[in-house]
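Here's the structure, in structure tokens; my notes come after.
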Amino acid sequence: MRRQRLSFDESRIASIEDLRRLAQKRLPKVVFDYVDGGADGEVTMRANQSAFQSIAFRPRTGIGVSNCDLRTSVLNHKLSFPVILAPIGHSCVIYPRGELAAVRAAGAANTIYILPTLSGEAIEDISKWSTGPVWYQLSLWGGREAAEAAIERANRAGLSGLVVTIDSFVGGNRERDIRNGAGKLAAGNFVSRIPYLPQFIVRPRWLVNYLRNGGMPKWPNIVVPTNASGRSSEMRYVGLAWQDVVWIREAWKRPMIIKGVLTANDARRAIDAGADALVVSNHGGRQLDCVPSSLKALSEVVDAVGTETQILMDGGIRRGSDIAKAVCVGARAVLCGRAFAYGLAAGGETGVALVLSILRNELERTLKLLGCESVEALDPSYVS
């Protein structure tokens with residue numbers, strides 16, 4: 001897979017917001033709103049970002065820091081800096097072979113890529129293309145038997161972590177998707193639907209790439225078992241509950257990460273269920289609206305179980321300073337979702353690499369201005 005040439009001036013991209021605006025110009029509205037939108041009134045989605053703005057730094061001035069060590073480790077993986085690429089379903093609709101673009105960019109940056117269940121690329125192919133650690137995100141599309149088959153494939157392919165998404169028993173009420181008819185993203189070739197044609201016509205680059213890539217993917221990681229007559233069951237979504245974590249833990253012997261924890265009680269429950277790490281997450285504000293921001297929930301979880309397990313978080317990460325604040329509050333690392341999706345839409349693998357470079361450079365500059373020599377040295381004394 002060759003890295004495609006950028007059709008924009010990389011030197012003029014100063015922030016993740018610049019890439020968001022570019023993504024909006026390049027994606028059809030139905031696809032951009034799927035990436036950019038949240039549930040109901042999008043209160044939680046906005047709160048995820050504003051929570052970072054409410055925290056102030058307490059720099060230690062007059063300290064000359066010429067080199068900052070951004071390295072950290074997550075579940076024995078040594079990362080170049082504390083950012084992991086979150087699982088983004090339908091990445092291949094955002095950009096052709098988007099999952100391959102993301103895993104290559106993550107490997108080049110020495111960090112982890114999390115492959116979503118709703119991926120246009122097979123687990124085995126992602127493993128083959130990876131140069132760094134890969135985790136698999138599990139949801140119960142196709143039911144338990146399909147999930148068990150995916151777990152076994154992920155195990156055979158050498159994926160090193162299983163991310164169990166616990167906050168999506170039913171889908172969130174994403175009003176932008178409803179208005180746009182984006183439910184068709186998950187079933188059938190929605191590009192052929194007449195109401196979408198005007199927005200596809202004004203995004204010819206996306207449309208050509210979409211058609212060249214074969215149209216709607218087949219979701220190769222969801223293998224629905226056949227019945228006695230040899231017919232496959234319908235590819236249905238089954239909500240994942242705590243009782244499912246029991247058989248998942250038994251089926252997966254490598255590190256298991258529970259994603260979607262927002263309270264101390266659920267953090268304790270996840271640890272008791274055998275989680276090796278937690279992701280404090282409200283699904284980017286895409287599930288239940290009006291829950292706490294991930295950063296606010298992080299404080300509660302850290303206070304409750306911070307010394308017992310590694311804690312990650314996602315939601316609202318747009319700047320390197322956001323990463324520093326999350327680490328100060330108690331996160332081991334952060335998951336980057338929408339930000340990397342904007343880069344993917346803007347320029348494929350090179351766009352994702354640019355996102356990681358922007359966040360890394362901003363984090364390094366933040367540490368220097370804080371008078372802090374390493375990510376490992378960040379603690380609550382640096383924020384208020």
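Within segment 28-38, being at pLDDT 95 or above and not in a helix (DSSP H, G or I) holds for Gly37, Gly38. Of all residues in segment 331-384, those satisfying the criterion of being surrounded by 24 or more Cβ atoms within 10 Å (Cβ to Cβ), within 26 Å of Ile13 (Cα to Cα) and of a type in the set (Gly, Ala, Ser) are Ala333, Ala339, Ala341, Gly343, Ala345, Ala346, Gly347, Gly348, Gly351.
Considering each residue of segment 124-131 in turn, at least one proves to be surrounded by fewer than 24 Cβ atoms within 10 Å (Cβ to Cβ), more than 15 Å from the chain's Cα centre (by Cα), under 24 Å from Lys253 (Cα atoms) and basic (Lys, Arg). Considering only residues of segment 132-155 that are within 22 Å of Arg104 (Cα to Cα) and not hydrophobic (A, V, I, L, M, F, W, C), which is surrounded by the fewest Cβ atoms within 10 Å (Cβ to Cβ)? Per the stated criteria, the residue is Asn155.
Of the set (1) modelled with pLDDT of 95 or more; (2) in a loop (DSSP other than H, G, I, E, B), all apply to Leu295 but (2). The residues of segment 39-61 that are outside any loop (DSSP other than H, G, I, E, B), of a type in the set (A, V, I, L, M) and surrounded by fewer than 17 Cβ atoms within 10 Å (Cβ to Cβ) amount to a single one, Val43.
Val261 - would you say it is farther than 20 Å from Pro87 by Cβ and in contact with a helix residue (DSSP H, G or I) (Cβ under 6 Å, 6 or more places away or on another chain)? No: the conditions fail for Val261.
Scanning segment 152-173 for residues that are farther than 30 Å from Thr44 by Cβ and over 19 Å from the mean Cα position of the chain (by Cα) yields a count of 6. When Gly274, Gly316 are checked against the criterion of being assigned to a loop (DSSP other than H, G, I, E, B), surrounded by 21 or more Cβ atoms within 10 Å (Cβ to Cβ) and not basic (Lys, Arg), a single residue qualifies: Gly316. Screening segment 58-73 for residues that are touching a residue at least 60 places away in the same chain (Cβ under 8 Å) and in contact with a Gly (Cβ under 9 Å, 6 or more places away or on another chain) and picking the one that is nearest to Ala108 (Cα to Cα) gives Val65. Selection over segment 45-57 of residues that are out of contact with any Cys (no Cβ under 9 Å at 6 or more places or on another chain) and touching a residue at least 40 places away in the same chain (Cβ under 8 Å) gives a count of 8.
Where helices (runs of 4 or more DSSP H) fall wholly inside segment 133-248, the ranges with 3 or more residues that are modelled with pLDDT of 85 or more and among the aliphatic types (A, V, I, L, M) are 143-156.
Pairing residues of segment 3-16 that are in a loop (DSSP other than H, G, I, E, B) with residues that are at pLDDT 55 or above and surrounded by 10 or more Cβ atoms within 10 Å (Cβ to Cβ), at Cβ distances under 6 Å and at least 6 apart in sequence or on separate chains, gives Arg3/Glu349; Arg3/Thr350; Gln4/Gly348; Leu6/Gly347; Leu6/Thr350.
Among the residues examined, Gly260 does not qualify as over 30 Å from Arg12 (Cβ atoms), surrounded by fewer than 24 Cβ atoms within 10 Å (Cβ to Cβ) and without any contact (Cβ under 8 Å) to a residue 40 or more places away in the chain.
The values are calculated or read from the model by the stated rules, or taken from the named source; none is laboratory data. Nothing here was measured: the structure is a model prediction, and the numbers come from that model. Because the Cβ atoms are built from the backbone with ideal geometry, glycine has one as well, and the counts that use them run over all protein chains shown.
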